[in-house]
Protein chains: 2
Amino acid sequence: MNAILDGDCIKVMNSLPEASVDLIFADPPYNLQLKGELHRPDNSRVDAVDDAWDQFSSFAAYDKFTRDWLAAAQRLLKPNGAIWVIGSYHNIFRVGAALQDAGFWILNDVVWRKSNPMPNFRGKRFTNAHETMIWAGKSEDSKYTFNYEALKALNEGIQMRSDWVLPICNGHERLKDDKGDKAHPTQKPEGLLHRVLVGSSNPGDVVLDPFFGTGTTGAVAKMLGREFIGIEREAAYRKVAEKRISKVRKFDREALQVSTSKRAEPRVPFGQLVERGMLRPGEELYSPRGQIAKVRADGTLIGTDVKGSIHQVGAHLEGAPSCNGWTYWTFKQDGKKVPIDVLRQQIRSEMAS
Amino acid sequence: MNAILDGDCIKVMNSLPEASVDLIFADPPYNLQLKGELHRPDNSRVDAVDDAWDQFSSFAAYDKFTRDWLAAAQRLLKPNGAIWVIGSYHNIFRVGAALQDAGFWILNDVVWRKSNPMPNFRGKRFTNAHETMIWAGKSEDSKYTFNYEALKALNEGIQMRSDWVLPICNGHERLKDDKGDKAHPTQKPEGLLHRVLVGSSNPGDVVLDPFFGTGTTGAVAKMLGREFIGIEREAAYRKVAEKRISKVRKFDREALQVSTSKRAEPRVPFGQLVERGMLRPGEELYSPRGQIAKVRADGTLIGTDVKGSIHQVGAHLEGAPSCNGWTYWTFKQDGKKVPIDVLRQQIRSEMAS
DNA sequence: AATCCAGCTGAATCCATGA
DNA sequence: GTCATGGATTCAGCTGGAT
């Protein structure tokens with residue numbers, strides 16, 4: 001745990017215990033199939049991704065590699081685990097189809113829209129200004145983690161969309177080797193991993209990255225109080241990543257607390273309000289339209305022609321498929337109408353203390 | 001030519017002569033696999049895409065369908081032809097892999113970022129705010145059409161990126177049936193097709209849409225002076241499309257001439273007004289002295305003896321070294337002359353949100 | 001005549017828990 | 001496994017009628 005394992009990711013994954021990982025973030029080789037060299041208009045040469053680890057003999061060979069590492073990844077995930085895979089149009093369609101074929105259940109595809117992409121120097125295509133991430137549950141039934149409120153807060157109060165605008169990794173964040181060259185050709189920005197991990201994992205979760213590279217996933221996981229496992233077969237990358245992560249400090253515990261939704265709060269049966277005498281049997285509740293229902297001793301309501309729970313009676317009055325009775329009904333307190341949800345909040349705050 | 005053919009798209013395509021089509025735009029079924037009903041927080045029901053044509057028994061069945069229509073499409077394309085396919089995460093990965101397997105050569109994936117997507121009502125995933133288009137040549141050797149300068153002109157003088165922000169099709173553009181309901185559940189916006197056709201085809205080219213629906217491809221092709229072939233098996237959609245396209249008027253010939261040489265960068269994206277249909281190619285703009293200039297499809301203007309950006313033509317008419325075209329030009333709206341800057345403000349307010 | 005507001009809608013794989 | 005039930009959840013933009 002919190003280590004970088006040496007070796008081929010498939011073999012290493014198969015040596016780890018099954019159902020032991022909460023989240024996987026994978027940045028596999030893109031299989032770029034670049035032909036000649038590319039030069040900028042000023043004749044400078046573009047430093048391309050031409051590493052041996054990105055060479056595959058055919059689509060079939062790439063597909064086999066993809067199926068194999070996905071199978072190993074799926075074995076490692078807990079039943080409610082999830083996976084993120086990032087790629088470009090060269091490989092992401094094959095990865096996505098393989099994910100579906102393996103039984104993963106796609107939850108979203110998320111577009112990383114680069115605010116500062118490399119232009120298309122030849123003027124023969126569109127500027128390749130984005131990469132695609134696929135977020136998928138281990139299976140269709142997985143109860144995946146999604147910190148809705150935290151992401152909404154990250155986005156100034158509006159729910160997070162499937163397109164994320166983030167700059168590419170450069171400047172001080174971009175790791176250099178001893179010669180001052182970039183240490184890894186495709187280092188991902190920490191901002192990207194921050195959003196992934198805040199949104200789809202919780203503190204203490206185990207996060208695995210089978211293509212660890214220079215360790216962005218590990219660095220951000222450490223900051224955010226997640227446990228990480230990295231797998232990387234290139235010694236040079238492992239060395240850079242080790243040094244990088246050792247310098248990372250975990251955020252304060254308070255900083256790791258994210259906004260939670262009401263769903264995470266304890267359930268309070270309406271009957272408790274009656275039991276505790278906050279509402280008395282026979283007391284009248286009022287709908288937004290002024291309709292009246294009476295509280296009964298067992299915590300149900302009775303209206304003019306219907307009885308049942310606060311939700312059922314509200315739904316009936318509205319002719320709606322469902323209704324949140326807590327916010328629907330009000331009662332009279334000192335002559336003013338007050339939502340009954342206020343009483344639930346009182347009970348919850350008592351429970352917390 | 002310029003007709004809507006009735007029948008199954010694979011059979012119809014196989015009945016057409018091979019190597020006869022320059023460009024294909026395809027909006028195939030997405031295979032959504034929706035389960036139950038979905039309600040908004042206000043309890044209104046979401047009108048889902050549950051049509052029979054989007055039902056497939058398995059991924060294997062969908063893959064076979066995809067391979068078959070792609071093979072027919074590939075046969076129809078000229079050697080230098082290209083194809084666009086649009087989809088969502090439900091199907092686009094399978095389509096992309098099938099394209100590659102069939103020998104198509106992916107040129108870009110292009111993300112349509114929706115400025116006004118439907119939210120995620122249950123707060124369980126990211127807002128599904130984009131769709132993906134794949135642009136591919138018939139083969140790796142295809143000398144595909146790419147109107148670099150025209151697209152650059154549409155994008156305020158900056159080269160066009162692989163992510164396009166456009167609103168979904170609603171308002172008056174959205175076609176209704178006799179009962180006032182939407183005529184087609186997934187009608188695409190004309191702005192999207194405008195950019196596709198201006199960017200990757202030339203006037204006179206033959207454009208095929210094998211999933212014609214209500215004919216957005218045909219309508220925009222006609223406006224832009226392209227020949228179209230539509231294939232649609234649902235009589236109701238064909239009827240709506242026929243009526244729609246009959247009302248479309250082709251733009252003036254000179255409006256279709258797009259820039260072929262570099263020019264000064266306009267300071268503002270006037271082209272977006274054209275792309276979004278706020279101003280139509282061929283429409284007249286008026287100077288303060290009553291002089292007239294016509295809008296062209298790539299967002300440039302043509303006057304009596306001058307053509308160029310809104311700023312350049314304005315400056316020429318005034319004999320001035322420079323001119324702010326945004327405040328200089330007006331267009332007619334409901335009989336009144338309105339500065340085009342009003343339209344820019346509309347776009348800006350959309351972008352800000 | 002402008003402005004405002006309520007209402008409606010869009011390619012959506014959209015719940016969790018306990019009996 | 002199924003089933004019933006509590007109760008949580010939305011953004012942008014257009015339209016048509018009211019102010």
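Cross-link partners for A:Lys294 among the lysines, with Cα-Cα distance under 19 Å and sequence neighbours closer than 8 places in the same chain left out: A:Lys307, A:Lys332, A:Lys336, A:Lys337.
Divided by 2.2 N^0.38 Å, where N counts the residues, the Cα radius of gyration of the protein assembly as shown comes to 1.08.
When chain B is described by a simple charge dipole with +1 on each Lys and Arg Cβ and -1 on each Asp and Glu Cβ, the residue from B:Gly81, B:Gly96, B:Val220 located farthest towards its positive end is B:Val220. Charge dipole of the range A:270-352 (Cα centre as origin; +1 on each Lys and Arg Cβ, -1 on each Asp and Glu Cβ, all else neutral): 120 debye, rounded to the nearest 20. Taking each DSSP H run with n ≥ 4 as -39500 (n - 2.57) and averaging over every residue of chain A yields -8500 deg cm²/dmol at 222 nm. Of the options B:Leu166, A:Asn155, A:Leu273, report the single residue whose Cα projects farthest towards the positive end of the charge dipole of the protein assembly as shown (beta-carbon charges: Lys, Arg +1; Asp, Glu -1). Final value for the positive-end residue is A:Leu273.
Rounded to the nearest 100, the interface formed by chains A and B buries 4700 square angstrom of accessible surface, both chains summed, with a 1.4 Å probe. Solvent-accessible surface of protein heavy atoms, probed at 1.4 angstrom with all chains present, puts A:Trp329, A:Trp105 in the order A:Trp105, A:Trp329, largest first. A Cβ-based charge dipole, computed about the Cα centre of the protein assembly as shown with Lys and Arg at +1 and Asp and Glu at -1, lands at about 1320 debye. Overall, the accessible surface of the range B:167-246 at a probe of 1.4 angstrom is composed of carbon and sulfur to the extent of 49 percent. A 1.4 Å probe over all protein chains sorts B:Ser246, A:Ser200 by accessible area into B:Ser246, A:Ser200, starting with the largest. The DSSP beta bridges internal to the protein assembly as shown are antiparallel in roughly 60% of cases.
Label-point spacing at B:Asp178 relative to the other copies reads 8.2 nm, in ascending order, each point sitting 7 Å out from Cα along Cα→Cβ. Peptide B:118-129 shows a mean partner chain C-beta count of 6 within 10 Å per residue C-beta. If you take the Cα centroid of the range B:141-163 and the Cα centroid of the range A:278-344, the two points sit 60 Å apart. When only the Cβ of Lys, Arg, Asp and Glu is charged (+1, +1, -1, -1), the dipole of chain B relative to its Cα centre reaches about 700 debye. Over the range B:138-239, the hull volume per residue, using the convex hull of the C-alpha atoms, is 129 Å³. At a probe radius of 1.4 angstrom, the accessible area of the protein assembly as shown per residue rounds to 46 square angstrom. Taking every DSSP bridge with both residues inside chain A, close to 60 percent are antiparallel. State whether the range A:2-256 is rounded, prolate or oblate according to the following rule on the C-alpha gyration tensor (a ≥ b ≥ c being the square roots of its eigenvalues): a/c under 1.5 gives rounded; otherwise a/b larger than b/c gives prolate, and the remaining case gives oblate. Note, shape of the range A:2-256 comes out rounded. Place a point 7 Å from the Cα of A:Asp298 along the Cα-to-Cβ direction; which residues of the range A:309-334 have their backbone N under 17 Å from it? Output list for this probe position: A:309-313.
Spin-label pair B:Val342-A:Ser259: with each label point 7 Å from Cα along the Cα-Cβ axis, the two points sit 3.7 nm from one another. Here B:Lys182 is the anchor, and the lysines within straight C-alpha reach of less than 18 Å, apart from those fewer than 8 places off in the same chain, are B:Lys239, B:Lys243. Projecting label points 7 angstrom from Cα along Cα→Cβ for A:Ser139 and A:Arg267 puts them 2.4 nm apart. Highest GNM mean-square fluctuation among A:Met118, A:Met160, A:Met278, for chain A modelled with Cα contacts below 10 Å: A:Met278. Taking the protein heavy atoms of the range A:270-352 in the context of the full set of protein chains, the accessible area attributed to carbon and sulfur is 48 percent at 1.4 Å. Among the residues of B:92-99, the average count of other protein chain beta-carbon atoms within 10 Å of the residue beta-carbon is 6. Distance between the modelled labels on B:Tyr286 and A:Ala235, one decimal in nanometres: 7.9 nm (7 Å Cα→Cβ projection).
Which entries of B:Lys152/B:Lys188; A:Lys124/B:Lys247; A:Lys176/A:Lys222 show an alpha-carbon separation above 25 angstrom in the structure shown? Write down the numbers at each step before the final one.
Details: B:Lys152/B:Lys188 23 Å; A:Lys124/B:Lys247 35 Å; A:Lys176/A:Lys222 21 Å.
Among B:Lys152/B:Lys188; A:Lys124/B:Lys247; A:Lys176/A:Lys222, the Cα-Cα distance tops 25 Å for A:Lys124/B:Lys247.
If you restrict to DSSP beta bridges whose two residues both lie in the range B:1-140, what percentage is antiparallel, to the nearest 5? Taking every DSSP beta bridge with both residues in the range B:1-140, the antiparallel ones total about 75 percent.
Taking all protein chains as they are arranged and a probe of 1.4 Å, the heavy atoms of A:Tyr237 leave approximately 20 Å² accessible to solvent. Taking the longest Cα principal axis of chain B as reference, the axis of helix B:341-352 is set at about 40 degrees.
The values are calculated or read from the model by the stated rules, or taken from the named source; none is laboratory data. What you see is a predicted model, and the numbers here were worked out from it, not measured in a lab. So basically every Cβ, Gly included, is an ideal-geometry build from the backbone, and we count neighbours across all protein chains shown. Keep in mind that these areas ignore ligands, DNA and RNA; they rest on the heavy atoms of the full protein, side chains included. Shrake-Rupley method; radii C 1.70, N 1.55, O 1.52, S 1.80 Å.
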